[in-house]
Amino acid sequence: MARRFVVKLGEDVLRKRSKEVTEFDDKLGSLLDDMTETMILEDGVGLAAPQVGILKRAVVISPNGKDFYEFVNPVILSASGKQICSEGCLSVPNVRGEVERPKKIEVAAQDRHGRKFTFKAEGFFANICCHEFDHLDGILFIDKMITHKKSK
Ligand code: ZN
């Protein structure tokens, strides 16, 4: 595993649509491993491939620093409820703001081997999923912010 450089706001790669993953090979595995390591070292709860400069639909999430999840080609199948989430982003340093997200979602995705699965998330986990999946379409939380504040 290796730490990768996290791309910051202003880089074009954060604004592009990522491509579907079609090759479930060692290269994808290494990318996911590196993303997880980078997320841990950067003290994040999620990281999307474009944040390390790779336009592939792949995301890693760890809501608590203990459990680690990988989503390849994620799609939100259904969403319900609403929650206001206080968000930040490793690619947008020193900014936090509130974003309205669904409270519950159901996701279809693939694992690193290409196996399909569905996943239900709610609360904070659903919040992270929505934030990270948005990265795959070039959307940042600052595009959706209701309130905005500079953080330290
Ligand atoms: Zn982010």
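The values are calculated or read from the model by the stated rules, or taken from the named source; none is laboratory data. From a predicted model like this one, the values you see are computed outputs, not experimental measurements. FYI the Cβ positions are ideal-geometry reconstructions off the backbone, even for glycines, and counts take in every protein chain you see. Accessible surface is based on the protein model in full, side chains and every heavy atom, while ligands, DNA and RNA are left aside. Shrake-Rupley method; radii C 1.70, N 1.55, O 1.52, S 1.80 Å.
Remark: G65 falls outside the filter, which requires a residue to be modelled with pLDDT of 95 or more, touching a helix residue (DSSP H, G or I) at 6+ places or on another chain (Cβ under 9 Å) and part of a loop (DSSP other than H, G, I, E, B).
Looking for whichever is under 15 Å from I61 (Cβ atoms), acidic (D, E), in contact (Cβ under 8 Å) with a residue 40 or more places away in the chain and in a helix (DSSP H, G or I) here; the options are E87, E132. Which one fits?
Values: E87 fails: in a helix (DSSP H, G or I).
Of the residues listed, the single one that is under 15 Å from I61 (Cβ atoms), acidic (D, E), in contact (Cβ under 8 Å) with a residue 40 or more places away in the chain and in a helix (DSSP H, G or I) is E132.
Checking R57, R15 one by one, the residue that is open to solvent by less than 20 Å² (accessible area, probe 1.4 Å) and touching a residue at least 24 places away in the same chain (Cβ under 8 Å) is R57 and no other. Number of residues in region 103-121 that are more than 15 Å from N73 (Cβ to Cβ) and either open to solvent by less than 30 Å² (accessible area, probe 1.4 Å) or under 15 Å from the mean Cα position of the chain (by Cα) (or both): the value is 2. Counting the residues of region 96-129 that are out of contact with any Cys (no Cβ under 8 Å at 6 or more places or on another chain) and closer than 17 Å to A58 by Cβ gives 13.
Would you pick out the residues in region 66-82 that are within 14 Å of A126 (Cβ to Cβ), under 18 Å from the mean Cα position of the chain (by Cα) and open to solvent by less than 60 Å² (accessible area, probe 1.4 Å)? Scanning region 66-82 gives F71, P74, S78. In region 36-54, the qualifying residues are those that are more than 12 Å from the ligand (Cβ to nearest atom) and either assigned to a helix (DSSP H, G or I) or free of Cβ contacts under 8 Å to residues at least 12 places away in the same chain (or both), and the one that is surrounded by the most Cβ atoms within 10 Å (Cβ to Cβ) is T38. Checking each residue in region 70-95 for being in contact with a Cys (Cβ under 9 Å, 6 or more places away or on another chain) and within 16 Å of the ligand (Cβ to nearest atom) picks out F71, P74, C85, V95.
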